[in-house]
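Below is one structure; the comments refer to it alone.
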Amino acid sequence: MTKRLDALEACLAKVEAGIEPNQDEFRNALGWRYKDQRHQRAVKAFMGSMDSAMALHEAVLPECRARIDLGRRFRAWVITDQNVKFDAYSSNPARAWLIAILKTLISEATQ
């Protein structure tokens, strides 16, 4: 396993448990780009910002589509260009989207 994959999996475990990873943990998992501030967007998505979740998605998965279901329990999907779906549930729609993003990135990192 790579350091990035380990960092992605650690962030995913924390986010799914409702524990906020710090900016350094997200920075290790998502990489650091001055212009898109991925790590800051991930923190804001964890806190509930749909705008930040969308901006993070566009920065790290520009070729993938997303879908959000605002039913009783929020569900988010990330759909790759090969029509592979990564879905997630949370009590917060932005956090569900963040989980789906992290799952997709983990899948890409293992290929």
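Summary table below
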read-out: Residue within the stretch 59-78 that is among the β-branched types (Val, Ile, Thr), in contact with a strand residue (DSSP E or B) (Cβ under 7 Å, 6 or more places away or on another chain) and farther than 19 Å from Pro21 by Cα present; value: yes
read-out: Residue tally, condition free of Cβ contacts under 8 Å to residues at least 12 places away in the same chain, farther than 17 Å from Ala109 by Cα and not charged (D, E, K, R), over the stretch 34-87; value: 4
read-out: Complete set of residues in the stretch 66-84 that are part of a loop (DSSP other than H, G, I, E, B), touching a helix residue (DSSP H, G or I) at 6+ places or on another chain (Cβ under 8 Å) and not hydroxyl-bearing (Ser, Thr, Tyr); value: Leu70, Val84
read-out: All positions within the stretch 1-17 that are touching a residue at least 24 places away in the same chain (Cβ under 8 Å) and within 15 Å of Leu98 (Cα to Cα); value: Leu8, Glu9, Cys11, Leu12, Val15, Glu16
read-out: Residue list for the stretch 66-89, filter: surrounded by 20 or more Cβ atoms within 10 Å (Cβ to Cβ) and of a type outside the set (Phe, Trp, Tyr); value: Ala76, Val78, Ala88
read-out: Number of positions in the stretch 90-111 that are over 23 Å from Lys3 (Cβ atoms) and surrounded by fewer than 17 Cβ atoms within 10 Å (Cβ to Cβ); value: 1
read-out: Exclusive hit being more than 12 Å from the chain's Cα centre (by Cα), part of a helix (DSSP H, G or I), among the small types (Gly, Ala, Ser) and modelled with pLDDT of 90 or more, set Ala109, Ala96; value: Ala109
read-out: Count of residues meeting criterion [at pLDDT 90 or above and not in a helix (DSSP H, G or I)] in the stretch 9-26; value: 4
read-out: Odd one out for Glu63, checked against (1) part of a helix (DSSP H, G or I); (2) of a type outside the set (Ser, Thr, Tyr); (3) surrounded by fewer than 15 Cβ atoms within 10 Å (Cβ to Cβ); value: (1)
read-out: Selection count, the stretch 82-111, where residues are of a type in the set (Phe, Trp, Tyr) and under 13 Å from Ala13 (Cα atoms); value: 0
read-out: The lone exception for Asp36 - which of (1) in contact with a helix residue (DSSP H, G or I) (Cβ under 7 Å, 6 or more places away or on another chain); (2) in a loop (DSSP other than H, G, I, E, B); (3) at pLDDT 90 or above it fails; value: (3)
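The values are calculated or read from the model by the stated rules, or taken from the named source; none is laboratory data. The structure presented is a predicted model; accordingly, all values stated were derived computationally and were not measured. Cβ atoms come from the backbone with ideal geometry, glycine included; neighbour counts cover every protein chain shown.
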